[in-house]
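Notes follow the structure.
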Amino acid sequence: QVQLVESGGGLVQAGGSLKLSCAASGRTFSHYDLGWYRQAPGKEHEFVAHIGGTTYIADSVKGRFTFSRDNDKTTVYLQMNNLNPENTDIYYCSAASTQDGPDYWGQGPQVDVTS
């Protein structure tokens, strides 16, 4: 079992920044790759970023979003800069043991960007 606890969502004006954090814990969490997805109401999860052996960031946010993790690999961060209203969504931290998709999800902080 892996636990993912996120923080850092909120309300920001267009052009502003937010930083999301995700703290992972559990007996075998080091066996999982961590990532971020976003989800709008009634829609599927949309990939944002993923870190395992390498780091992947969606083309739609590349250059504005940065994905990183701390040295002990227990916490990952999503730094979101130059936000626009299209980035408004719930953002979920994820943990995946295979390439088939996430096995675990965090609670999903809301990110709201106003124009």
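The values are calculated or read from the model by the stated rules, or taken from the named source; none is laboratory data. Computed from a predicted model, the values in this text were never measured in an experiment. As a convention, Cβ positions derive from the backbone with ideal geometry for all residues, glycine included, and neighbour counts pool all protein chains shown. What goes into the accessible areas is simple: the full protein's heavy atoms, side chains included, and nothing from ligands, DNA or RNA. Shrake-Rupley method; radii C 1.70, N 1.55, O 1.52, S 1.80 Å.
How large a share of the accessible area of segment 8-115, in percent, is made up of carbon and sulfur atoms when the probe is 1.4 Å and the other protein chains stay in place?
Values: 2720 of 5950 Å².
After summing per-atom areas, the C and S share lands at 46 percent.
When the Cα atoms of the chain are enclosed in a convex hull and the volume is divided per residue, what value in Å³ results? Could the numbers behind the result be given before it?
Numbers: hull volume 11.2 nm³, N = 115.
Taking only Cα atoms, the chain has a hull volume of 98 Å³ per residue.
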Original post:
Based on Cβ point charges of +1 for Lys and Arg and -1 for Asp and Glu, what charge dipole magnitude is obtained for the chain about its Cα centre, in debye rounded to the nearest 20?
Top reply: 240
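Return a whole-number percent for the relative contact order of the chain, with Cα pairs under 8 Å and 6 or more residues apart as the contact set. Let's see the in-between values first.
On the way: 275 pairs, mean separation 40.9, N = 115.
Once divided by the residue count of the chain, the mean separation gives 36 percent.
Could you give the accessible area per residue of the chain, probe 1.4 Å, as a whole number in Å²?
Counting only protein heavy atoms, the per-residue value for the chain is 55 Å².
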Original post:
Gap in Å between the Cα centre of segment 1-63 and the Cα centre of segment 70-113?
Top reply: 1
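Can you divide the C-alpha Rg of segment 72-112 by 2.2 N^0.38 Å and report the result to two decimal places?
Numbers: Rg = 12.4 Å, N = 41, 2.2 N^0.38 = 9.0 Å.
Ratio of Cα Rg to 2.2 N^0.38 Å: 1.38.
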Original post:
Is any residue of segment 21-61 close enough, with backbone N under 18 Å, to a label point placed 7 angstrom from the Cα of residue 1 along the Cα-Cβ axis, and if so, which?
Top reply: 23-32
